[in-house]
Amino acid sequence: MHGALAAAVVDGLENANEEGLLTPQDVGIAFYGDVFRARHQRTRGMDEPKRVTDLDDPLEQQLLLDLWAAAAAAEPDRVAAPAAEGTRAPTPLTVQRAMNALLRSRCMPGAVAERFLLGTLRQVRKYLSNGDIRDQAREAVNQRVTSDTEVVIGHSLGSVVAYEVLCAEPKNVRALITLGSPLGMPKLVFDRLEPAPTDGRGMWPRGIRSWSNLCDMHDVVASVKQLGPLFDVPGRWRTVNDRVVDNGWKVHDLGRHLTDGATGEAVASALHLAGE
């Protein structure tokens, strides 16, 4: 992972006309994917859902329905809006319709889109509902955030993990960059954060002086594009710099995010701030 992602960070800086600020050796990678598999699982993917009918957990089903609603709002020309279900529990037919609708969106192109989405839903559910997995994932990230770390970049669920790690204890980190983040998803993610939001506002991570949030306009994982209203600290110059980017047909792809000049600008700004 390090070789490709570190090079992508450097490419992003070059695309922002900020050559020379970092080398690949300056970039560290935190990996926690192994915590989602039980120790006895010898075969990769043994616990991952293989078809939409395997989504039998209410949280996974509701996440899927919320992503469907986000896709319909972002792309009404491609994705039909879900019918109002009221307070009824999702039916297998409704869940199948949600998957079919998402596979027509720009966020889920390609033959592997369904398996990718199913795996993502399972990981999000496990992280938010299993305390042991949550602790292990956060510890994996926490170990990589050293006294030399100036900027933390979190992508997708990784942005949730990074946010919670930086909220938990003071660090030397001065900047957070979130990419394709689901942090703003109401009820299912935002309201389940640790620490819990107070009066509809999430905690500003300790010690962080700047926070840049970037997402593609068609990214349904980042269904809430503006994190500022949820995390800004009025009167204390703590505001999220929200920015919508265009990742082409790979709207949620980490590599596209990292090589984009907009991400390079956010990294450069954060590094300059950390050096002040």
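The values are calculated or read from the model by the stated rules, or taken from the named source; none is laboratory data. Keep in mind that this is a model prediction, so the values were computed, not measured. Neighbour counts are summed over all protein chains in view; Cβ atoms, including those assigned to glycine, are modelled from backbone coordinates with ideal geometry.
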Of all residues in segment 200-216, which are surrounded by fewer than 22 Cβ atoms within 10 Å (Cβ to Cβ) and of a type in the set (D, E, K, R)? Arg201, Arg206, Arg209
Quickly run through segment 231-260 and pick out the residues that are of a type in the set (A, V, I, L, M) and crowded, with 17+ Cβ neighbours inside 10 Å. Val240, Val245, Val251, Leu254, Leu258
Residue by residue through segment 139-186, note down the ones that are within 16 Å of the chain's Cα centre (by Cα), assigned to a loop (DSSP other than H, G, I, E, B) and without any contact (Cβ under 8 Å) to a residue 60 or more places away in the chain. Ser181, Pro182, Leu183, Gly184, Pro186
Select from segment 63-94 the residues that are of a type in the set (Val, Ile, Thr) and over 14 Å from Met108 (Cβ atoms) and write down the one among them that is modelled with the highest pLDDT. Thr94
Does Asp54 meet the test of being within 30 Å of Thr149 (Cβ to Cβ) and either at pLDDT below 90 or not hydrophobic (A, V, I, L, M, F, W, C) (or both)? no
Residue that is nearest to His218 (Cα to Cα) [pool: residues in segment 261-271 that are out of contact with any Leu (no Cβ under 7 Å at 6 or more places or on another chain) and surrounded by fewer than 24 Cβ atoms within 10 Å (Cβ to Cβ)]: Gly261
Single unsatisfied condition, Arg174 versus (1) crowded, with 16+ Cβ neighbours inside 10 Å; (2) among the basic types (Lys, Arg); (3) out of contact with any strand residue (DSSP E or B) (no Cβ under 8 Å at 6 or more places or on another chain): (3)
Would you check if Asp199 is free of Cβ contacts under 8 Å to residues at least 24 places away in the same chain and of a type in the set (Asp, Glu)? yes
Quick check on my filter: what residues within segment 240-276 are in contact with a helix residue (DSSP H, G or I) (Cβ under 9 Å, 6 or more places away or on another chain), among the polar types (S, T, N, Q) and at pLDDT below 95? Asn247
Hey, Ser223 modelled with pLDDT under 95, closer than 19 Å to Leu63 by Cα and not β-branched (Val, Ile, Thr) or not: yes
Considering segment 25-38, residues that are under 24 Å from Val160 (Cα atoms) and surrounded by fewer than 18 Cβ atoms within 10 Å (Cβ to Cβ), and then whichever is modelled with the lowest pLDDT, we arrive at Ala38
